[in-house]
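The values are calculated or read from the model by the stated rules, or taken from the named source; none is laboratory data. The structure presented is a predicted model; accordingly, all values stated were derived computationally and were not measured. Glycine also receives a Cβ, built like all others from the backbone with ideal geometry; neighbour counts cover every protein chain displayed.
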Amino acid sequence: MLVRWVIQTRQPFTVVEHPAFRALIEATGASLPIKTADTLFNRIKEEFHSSRAYVKEELARSSRTLALSLDVWTSENQIAIMGILGHWITPDFEKRDELLEFTEINGPHSGENLAEVVLKMLAELDIAPKLLTITGDNGGNNGTLCDSLHDQLLKKYDNDDDRFRIRPLMRFRGRPSFIPCLAHILNRICKDVLASLRAGSAREAKAILDDMAIHTSPAFNSIHSTKGAIMKIRLLTLWIARSPQRRQDWKEVSPGKQVSYDVDTRWNSTYIMIQDALRLQTELGQFVRIHPELQALQLTDDEWSTLQQVAKILKPFWDHTNSVSKACPTIVESLPIYWSLDDLLHDVRNAEGDFEDVNIEIRGAVERGIRKMNKFARKMDDNLLYYVASVLDPRIKSSLIVSQMSEQDSAVIVSQWTESKSLDGSATSLLPSV
């Protein structure tokens with residue numbers, strides 16, 4: 001229990017040596033089982049190795065194929081970390097998700113270097129031939145990772161199943177077995193749309209406020225009035241948040257309600273900021289009127305209308321992002337999401353359907369989003385994993401691709417899947433090569 005508390009609350013190992021902590025334990029009438037930082041460190045290592053052995057045993061017992069999802073990030077103490085999750089279905093059709101790797105990355109974040117981390121983990125857990133797919137963000141190094149990993153695996157495993165095969169068969173096919181993270185794709189599309197709307201960034205807004213503070217400028221000027229509606233809201237929100245007195249002034253106008261300011265790494269935080277601003281439109285207008293220094297940030301009726309239209313367009317992206325972020329498998333949702341958002345963006349660009357009154361600025365911004373979406377859609381069209389996943393789903397089978405694609409294209413996909421299935425009694429053993 002002590003080990004779990006130290007890890008989950010991110011305590012330093014030396015906490016067990018602190019007099020106040022020891023006094024707390026003694027006050028409960030209990031004895032301290034771990035008395036030194038070194039002992040705590042060794043206990044954590046023991047539990048790690050025990051847990052890893054259990055995971056390896058579980059993988060050997062209950063997995064036939066395995067999908068990985070991975071990411072690399074920098075921790076708060078500036079350490080590059082790579083995390084790898086494993087996903088599989090047990091013989092009892094139970095979905096399992098386990099953390100398989102969590103390690104520091106030494107050297108560059110190149111695809112080749114990251115592939116070495118994955119390869120080592122596959123070898124340690126004896127799961128290389130089971131690897132089916134890898135899911136990650138759309139960084140170029142992930143494609144290189146898959147290529148490099150595939151080349152390394154070919155030294156020990158065969159790629160094709162034929163009667164002359166002398167080495168174990170692997171299922172992983174390199175880049176064709178890579179599934180781009182859909183939430184990351186939606187993020188990229190929305191960020192392109194927002195950039196075209198002169199939304200700016202949180203970094204830019206903070207730089208403006210910092211510059212005003214350095215030059216002791218009390219008020220926003222005419223240059224700031226030319227910023228887009230989203231940037232004006234961001235500047236207003238950050239300006240209020242930077243001073244206790246301003247926050248108090250805001251509470252007098254809007255008790256208990258405030259506009260959340262966004263961050264640059266997540267477009268959905270910008271969507272939340274826009275929605276907050278629309279709900280508090282009256283309060284924001286009142287706040288600006290009683291602060292003359294903010295007059296350049298007063299939104300016009302047209303700008304409020306633009307925010308309403310932008311929120312309407314982003315809402316489906318928000319819903320789909322939440323949907324694909326669930327714990328349950330969502331690859332079968334990818335095709336319907338792509339197609340529905342493609343219809344949405346084209347309706348906006350052409351001012352059709354629910355978007356007949358959309359202004360020309362938004363239509364132009366959406367055009368950029370369409371170009372970004374087409375880039376990823378082409379990659380999806382080249383990867384039959386999406387289509388095979390739909391065919392495998394008993395709720396869908398071939399109905400989706402038959403209804404959404406041309407007769408010729410849908411017939412090709414169904415035919416290729418049928419041929420692949422006939423080559424192997426299992427519906428999934430050759431999945432990536434379908």
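Quick notes on this structure:
- The condition (being out of contact with any Lys or Arg (no Cβ under 6 Å at 6 or more places or on another chain) and outside any helix (DSSP H, G or I)) is satisfied by just one residue among ALA311, ALA377, ALA351, ALA365: ALA351.
- Residue that is nearest to VAL193 (Cα to Cα) [pool: residues in the range 380-402 that are part of a helix (DSSP H, G or I) and of a type in the set (Ser, Thr, Tyr)]: TYR386
- Residue pairs meeting the criteria (Cβ under 9 Å; at least 6 apart or on separate chains; first free of Cβ contacts under 8 Å to residues at least 40 places away in the same chain and in a helix (DSSP H, G or I), in the range 276-302; second basic (Lys, Arg) and exposed (fewer than 13 other Cβ atoms within 10 Å of the Cβ)): ASP276/LYS257; ARG279/LYS257; GLU283/LYS257
- Residue within the range 21-37 that is more than 30 Å from ARG173 (Cβ to Cβ), at pLDDT below 95 and within 27 Å of the chain's Cα centre (by Cα) present: no
- Once the range 64-88 is narrowed to residues that are part of a strand (DSSP E or B) and among the hydroxyl-bearing types (Ser, Thr, Tyr), the residue that is farthest from ASN141 (Cα to Cα) is THR74.
Table: residues versus (1) in contact (Cβ under 8 Å) with a residue 60 or more places away in the chain; (2) surrounded by fewer than 15 Cβ atoms within 10 Å (Cβ to Cβ); (3) hydrophobic (A, V, I, L, M, F, W, C).
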site	(1), (2), (3)
THR133	yes, no, no
LYS156	no, yes, no
ASN159	no, no, no
ILE166	no, yes, yes
PHE172	yes, no, yes
ARG175	no, no, no
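- Close pairs from the range 41-56: first at positive phi and surrounded by 11 or more Cβ atoms within 10 Å (Cβ to Cβ), partner at pLDDT below 95 and of a type in the set (Asp, Glu), Cβ under 9 Å, at least 6 apart: none
- Test for ASP381: is it surrounded by fewer than 17 Cβ atoms within 10 Å (Cβ to Cβ), within 22 Å of the chain's Cα centre (by Cα) and under 30 Å from ARG96 (Cα atoms): yes
- Among the residues listed as ILE223, ILE214, the single one being exposed (fewer than 15 other Cβ atoms within 10 Å of the Cβ) and more than 29 Å from ILE362 (Cα to Cα): ILE214
- If the condition is being of a type in the set (Phe, Trp, Tyr) and crowded, with 16+ Cβ neighbours inside 10 Å, then the range 61-91 contributes only TRP88.
- Residue match in the range 267-283 (condition: of a type in the set (D, E, K, R), touching a helix residue (DSSP H, G or I) at 6+ places or on another chain (Cβ under 9 Å), over 23 Å from ALA377 (Cβ atoms) and surrounded by 17 or more Cβ atoms within 10 Å (Cβ to Cβ)): yes
- The residue of the range 404-427 that is nearest to the chain's Cα centre (by Cα), among those that are at pLDDT 70 or above and surrounded by fewer than 13 Cβ atoms within 10 Å (Cβ to Cβ), is SER406.
- Residues of the range 180-196 that turn out to be among the hydrophobic types (A, V, I, L, M, F, W, C), out of contact with any His (no Cβ under 9 Å at 6 or more places or on another chain) and surrounded by fewer than 21 Cβ atoms within 10 Å (Cβ to Cβ), as a count: 2
- Restricting attention to the range 38-58 and to residues that are closer than 27 Å to ASP97 by Cβ and among the acidic types (Asp, Glu), the residue that is nearest to the chain's Cα centre (by Cα) turns out to be GLU58.
- Test: residue in the range 353-369 that is more than 30 Å from the chain's Cα centre (by Cα) and under 30 Å from SER398 (Cα atoms): yes
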